[in-house]
Amino acid sequence: MHILLRCPEGRRFEDLAPPRSIEGDAARARLTSITVPFALHVQQNRSSFPASGRLPLLSMLGLSCAATIAPAMRGHYLVPIAVLVGMASLLLALEIFQRQPVPSETIEIDFDRLTIRDHRGKVTTLPSHWTRIEELRKGPFDVRLMLHYHWQSIEIGRCVDSTERARIAPLIRAALAHVRGGGQ
């Protein structure tokens, strides 16, 4: 999921991306009226395990332990142990997943710099005028976005799926083109 944090006044989110048509001059003229700064927040779309779901999960754990009583009475002690280990690892994985921060990135483009902040607090700054974006497509559903500045390459949008990356690429490209004066 992507959220527009800051956009030039009087513009909508969809207005930033140039139309995919033959009219290059019209799109370029529209881009020159955009003012920066531009800020985009990209976040992984995930849900956490709700507190209301814990009771049904614990009841499933109790029922599966009750179902292992008959094999345990016949001497198959590994069956209840395997069920308990499996359910405990599931609960542990859900708890660890819920406590981790949601992977996200914030991309800010200004006239002099491009700043990328991730959910861990890492900040990367590049000069926006000389930075270019590249879409690497290995297949129809495998899109990677790379920002290139001289010898540096930074991958962005790793926290979202490939269709979302394909949606945000024209927005970033349009903002970078505007910083360069309307040309790519």
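Okay, here's what the table says:
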{"read-out": "Chain lengthening between V79 and V123 when straightened (0.36 nm per residue, less Cα-Cα)", "value": "10.9 nm"}
{"read-out": "Rounded accessible area of R180 (nearest 10 Å², 1.4 Å probe)", "value": "60 Å²"}
{"read-out": "Table column - 3J(HN,Hα) (Hz), the range 123-140, Karplus curve with 6.51, -1.76, 1.60, x for Gly and Pro", "value": "10, 10, 10, 10, x, 6, 5, 9, 8, 10, 9, 9, 9, 9, 10, 8, x, x"}
{"read-out": "Solvent-accessible area of E108 with every protein chain in place, 1.4 Å probe, in Å² to the nearest 10", "value": "50 Å²"}
{"read-out": "In nm, spacing of pseudo-spin labels at Q44 and D110 (7 Å Cα→C-beta vector)", "value": "3.0 nm"}
{"read-out": "R0 of 35 Å, Cβ-Cβ distance A72-L92: FRET efficiency to nearest 0.05", "value": "0.90"}
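The values are calculated or read from the model by the stated rules, or taken from the named source; none is laboratory data. Computed from a prediction, not measured in an experiment: that's the story for all the values here. No Cβ is skipped: glycine too gets one built from the backbone with ideal geometry, and neighbour counts run over all protein chains shown. Accessible surface is based on the protein model in full, side chains and every heavy atom, while ligands, DNA and RNA are left aside. Shrake-Rupley method; radii C 1.70, N 1.55, O 1.52, S 1.80 Å.
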